[in-house]
Amino acid sequence: MTAVRDLSFDASRVLEAVTALLTGPVPPAGSPTVIDSDPHTGEWVATRAAGFVLAPLWEGRDLTGLRDPEWTEQLEAGDRHLATVTGRLDEQWGPHRVLTVDHLIRNPQADRPPLYDALLRQDLYGDLHVWAPDQAGDRHLAVVLGHSDGDQPLTLAALVTVGPLPELPVDP
């Protein structure tokens, strides 16, 4: 569960959160990975490590016990929210590129950079939609929609990095 689980989807709020992440601090090289949790609920707030910050933007409802068509409606709502956010960011910064994490899913023993480990630890197995909004090319942004299995809620999250995201092999 995340700290945004009780918030309904609001594109303006999500985009404000993205802007805050892009302009906020990012831990420097050599910093350990720290997972921030709400002190009262224990819910995930952010993951910070050397060169990146990962934070939830929206969380869908728990899918436990849902059957079609409700289950499918929830998945489609997550896809619509992702499309809304990527569309608005495309308008602001130009078209995004897609970076898939399929290689890491198919090869769980593969060596992975800490930012990919952080994504998978939070069950963010979806494709990354990536922009380089910083004119100097320093900060990069990725938005991802993920969920680990049929019963877990969908989570829309943002990843801000200093420098480009490490490329992953593309499996045939």
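Read-outs throughout are calculated quantities, based only on the coordinates presented, and are distinct from any laboratory measurement. Because the structure is predicted, anything quoted here is derived from the model rather than measured. Please note: Cβ atoms are built from the backbone with ideal geometry, for glycine as well, and neighbour counts cover all protein chains shown.
Miscellaneous remarks
- Check: the chain dipole with +1 on Lys, Arg Cβ and -1 on Asp, Glu Cβ, in debye: 420 debye
- Gyration tensor verdict on region 1-95 (Cα atoms; rounded if a/c is under 1.5, prolate if a/b is larger than b/c, oblate otherwise): oblate
- For the chain, the antiparallel share of DSSP beta bridges with both residues in that region comes to about 95%.
- Helix 11-23 and the long axis of the chain differ in direction by around 20°, with both axes built from C-alpha atoms.
- For region 57-117, the gyration tensor built on C-alpha atoms gives an oblate shape. Its axis ratio a/c (a ≥ b ≥ c) is at least 1.5, and a/b is not larger than b/c.
- Overall form of the chain per C-alpha gyration tensor (a/c, 1.5; a/b vs b/c): rounded
- The residue among L104, P32, A142 whose Cα reaches farthest toward the positive pole of the charge dipole of the chain, with charges on the beta-carbon of Lys, Arg, Asp and Glu, is P32.
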